[in-house]
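Scroll down for the structure; my scribbles are underneath it.
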Amino acid sequence: MQNPTQAPLLELRKVTFSYEQRAKPVFEQLDFSFPGNRMGLIGDNGSGKTTLLHLLVGLLKPTTGMVYFQGNPIQSDTDLVQLRRSVGMVFQQADDQLFCPTVLEDVAFGPLNLGQTSRQAKATALEVLQLLRMENYIERITHTLSGGEKRMIALATVLAMNPKVLLLDEPTNDLDRTAKNRLLTTLQALEIPMIIISHDWDLLSKLADGYVALENGKLTFSEQMEIHNHKHAHPMGSHTHEHQHC
Ligand SMILES: Nc1ncnc2c1ncn2[C@@H]1O[C@H](COP(=O)(O)OP(=O)(O)OP(=O)(O)O)[C@@H](O)[C@H]1O
Ligand SMILES: [Mg+2]
């Protein structure tokens, strides 16, 4: 094993990927290196942000090229299992993440799968739900939760597995201002490297310490771009909204 402190946490080297054999590739010979900070990933709809994160967590396999975790190539099934254990992904659609009848079962599922006893897994789940201030939801039926509630529980299912890296795909979608602030405070307090896909400039300006932009299958690193957070007023200004420009 290479020394993890010297290698980037996650990397793509010369990755080409298409969803279908004849389709135009989303990426061609893409290089990407994630050093382990809190990186904002921005780009237009359909630019490939979700695809990039799915490649990094091994949900999609490069057509050619290789994914590296802490300097080690992901080649075998064992590597893939290790990668998935270490990298927690919060999906763009919370429904893709939640499949157990109740909230407690959903959040306990991951720790149980990692070998904790049923009792330990429930204790872990409760601890994470308390951290997110969602402990009152433990007995709720998952599919009856609101969109924002589902998103918080989806984050809980990932945090319960104690990931080394967090990949967040539009985490503030569906969240009202209170829930968004709670999520922001929680994420700021976590000492976990993360990549955050978002169109929400307010969130990014408060959370990310570096940015990459995806356009036409190419990545631009952020020295050329500055995300600002200005004071402003709108009619109905207390409602959650997004800035259309940076
Ligand atoms: N399962 C799939 N099968 C075929 N094409 C897909 C599939 N998923 C995504 N694509 C295509 O790949 C491209 C990149 O999609 P992706 O979902 O990664 O974009 P995105 O940047 O996350 O967009 P958004 O901001 O809308 O979430 C798009 O052209 C999309 O239509
Ligand atoms: Mg997406």
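With both partners inside the chain, how many of the DSSP beta bridges are antiparallel, as a percent to the nearest 5? Kindly include the intermediate steps, with their values, before the conclusion.
Working: 17 of 34 bridges.
Of all bridge pairs located within the chain, approximately 50 percent are antiparallel.
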Largest fluctuation, Ile192, Ile42, Ile153 only, Gaussian network model of the chain with Cα springs under 10 angstrom, belongs to Ile192
D (µm²/s, integer) via Stokes-Einstein for the chain, Kirkwood Rh across alpha-carbon pairs, 4 °C, 1.567 mPa s: value 68 µm²/s
With 0.36 nm assigned to each residue of separation and the Cα-Cα distance removed, Gln120 to Thr16 gains 33.3 nm
Distance in nm between Gln93 and Ile141 label points, each 7 Å along Cα→Cβ, equals 2.1 nm
In a Gaussian network model of the chain with springs linking alpha carbons closer than 10 Å, the residue among Leu52, Leu80, Leu41 that fluctuates most is Leu80
Most fluctuating of Gln82, Gln93, Gln70 in the GNM of the chain (C-alpha, under 10 Å) is Gln82
Here the longest stretch of the chain that holds no GluC sites (Glu not before Pro) in a DSSP loop having at most 13 other beta carbon atoms within 10 Å is 21-138
Output for the stretch 1-86: chymotrypsin sites (Phe, Trp or Tyr not before Pro) sitting in coil per DSSP, at most 11 other Cβ within 10 Å, listed by number, reads Tyr19
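Exactly which trypsin sites (Lys or Arg not before Pro) in the stretch 2-78 are in a DSSP loop and have at most 13 other Cβ atoms within 10 Å? If you can, show how the numbers build up before the last one.
On the way: sites: Arg13, Lys14, Arg22, Arg38, Lys49; in loops: Arg22.
For trypsin sites (Lys or Arg not before Pro) across the stretch 2-78 that sit outside H, G, I, E and B with at most 13 neighbouring Cβ atoms in 10 Å, the list reads Arg22.
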Only helices counted: for the chain, with every DSSP H run of 4 or more residues adding -39500 (n - 2.57) and the sum spread over all residues, [θ] at 222 nm is -9500 deg cm²/dmol
From the Cα centre of the stretch 1-75 to that of the stretch 135-166, the distance in Å is 26 Å
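Computed from the coordinates by the stated procedures, all read-outs in this text should not be read as laboratory data. The shown structure was predicted, so the numbers you read here are calculated from the model rather than taken from an experiment. No Cβ is skipped: glycine too gets one built from the backbone with ideal geometry, and neighbour counts run over all protein chains shown.
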